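See below for the structure under consideration.
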Amino acid sequence: MAIDNWDEIRTAFQVARIGTVSGAAEALGVHHATVIRHVDALEARLGTKLFQRHPRGYTPTEAGQQILAVGQATEDQFSQLAARIAGAGEEVSGELIVTSLLTLSGMVLPALSRLMEAHPGLRLRYLTDPRVFRLEYGEAHVAIRAGGRPTEPDNVVQPLARHRVGLYASPAYLEAHGRPESDTDLAAHRFIGADARDARAPYFRWLSDHVAEEAVVFRANDQEAQWAAIRQGIGLGFLPWIEGSNDPRLVQVMAPRDEWSSDIWLVTHVDLHRTPKVQAAVKMLKETAAELCRGIEGLEAAG
């Protein structure tokens, strides 16, 4: 059975997304009776129920969830098309979506602050999430990723910096347990780790290879919780150099090592790469990363 009435599909998508007829009617700018008529007609055409009706609204069935997924993908494609068209102008303005891991925020946020100062017409959304955002679906304009070089097709990938990570502790922890002077001393210490034993970060892999599992006394699935545990004095732990060196509550126990570090990549989609706002973001991120890296190299050389 062909589905050829876009109005009905769009209506069902909005009902599935919002969960109420009145909310979908408001989003579409139509009367609520139109929403009900479209949903009923689409269900009749498909021969299946798309929603469970209840006093508080509509809940998608399995078929309704499929409508939601297809509708979301379609809306994302339209959003990307609109972004391409809007980006054809020369003005650096409008919404810009940037994504990275939380551990990279110390490098990304200074660049975004400068970017907004230089271009007041920009509205920034900064998304820190471990998942890989789909640039081809318009989920983000610029992605900053750590690890191996990204290989998704139709993306422009550029090296940005090296993610430098050191080992840190609180003064209270060092007073209670002493300060390790070498890798050999680490056997007598307590550590903060990731909840996932197979965490991909190179410093957590190093920790797994060099420290007994029972020495990792505190694990958390959230990086901010891990950092808070280090500040609390629960154990030694890894932080990005930028975060650790600027935190007066922490002491660097061991300087960043190459085996704890990873490459950082700047990723954009080929269709949006040359738009003014993406180019402005790329330029600012590169300049800021270069300055921060020179600061790290200078401090390490002085040390």
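The values are calculated or read from the model by the stated rules, or taken from the named source; none is laboratory data. These figures come from a predicted structure and were not determined experimentally. Ideal geometry is used to build each Cβ from the backbone, glycine not excepted, and the neighbour counts take in all protein chains shown. With ligands, DNA and RNA removed, areas are computed over all heavy atoms of the protein, side chains included. Shrake-Rupley method; radii C 1.70, N 1.55, O 1.52, S 1.80 Å.
How tilted is helix 32-46 with respect to the longest principal axis of the chain? Cα atoms for both, answer in degrees (0 to 90, nearest 10).
That helix lies at roughly 90 degrees to the long axis.
Return the equivalent ellipsoid semi-axes of the chain as a descending list in whole Å, where each equals the square root of 5 times an eigenvalue of the C-alpha gyration tensor.
Its equivalent ellipsoid spans semi-axes of 46, 26, 16 Å.
Hey, any idea what % of the chain's accessible area is carbon plus sulfur with a 1.4 Å probe?
The computed percentage sits at 51.
Nearest 10 degrees, 0 to 90: what angle lies between the long axis of helix 223-232 and the longest principal axis of the chain (Cα atoms)?
With rounding to tens, the tilt is 30 degrees.
Please report Rg over Rh for the range 105-247, where both radii come from the alpha carbon positions and Rh follows the Kirkwood definition.
Result for the range 105-247 is an Rg/Rh of 1.03.
Given 0.36 nm per residue, what is the gain on full extension from Asp263 to Thr61 after removing their alpha carbon distance, in nm?
Difference between extended and current length: 68.4 nm.
For Arg197 and His210, calculate 0.36 nm times their separation in residues minus their Cα-Cα distance, and state this gained length in nm to one decimal.
3.3 nm
Suppose each label sits 7 Å from its Cα in the direction of the beta carbon; what would the Glu175-Glu287 distance come out to in nanometres?
Each label point is offset 7 Å from its Cα along the Cβ direction, giving 4.4 nm.
Per residue of the chain, what 222 nm ellipticity follows from adding -39500 (n - 2.57) for every DSSP H run with n ≥ 4, rounded to the nearest 500?
Per the formula, -14000 deg cm²/dmol.
Å³ per residue of the Cα convex hull, for the range 233-286?
Spread over its residues, the Cα hull of the range 233-286 gives 130 Å³ apiece.
Kirkwood hydrodynamic radius, computed over distinct alpha-carbon pairs, for the range 1-68: how many Å, to one decimal?
11.6 Å is the Kirkwood radius here.
Past the 17 angstrom mark, what percentage of all C-alpha to C-alpha distances in the range 215-261 do you count?
Roughly 32 percent, once rounded to a whole number.
Please work out the average accessible area per residue across the chain, using the 1.4 Å probe convention, and give it in Å².
Ligands and nucleic acids excluded, the figure is 52 Å² per residue.
Answer rounded, prolate or oblate for the range 171-271, using the Cα gyration tensor with square roots of eigenvalues a ≥ b ≥ c: rounded when a/c is under 1.5, else prolate when a/b is larger than b/c, else oblate.
It comes out prolate by the Cα gyration axes.
Rg(Cα) of the range 15-168 divided by 2.2 N^0.38 Å?
Scaled against compact globular proteins, the figure is 1.39.
Could you point to the residue in Leu96, Gly148, His119 farthest towards the positive end of the range 90-166's charge dipole, with +1 and -1 charges on the Cβ of Lys/Arg and Asp/Glu respectively?
Working it through, the farthest residue towards the positive pole turns out to be Gly148.
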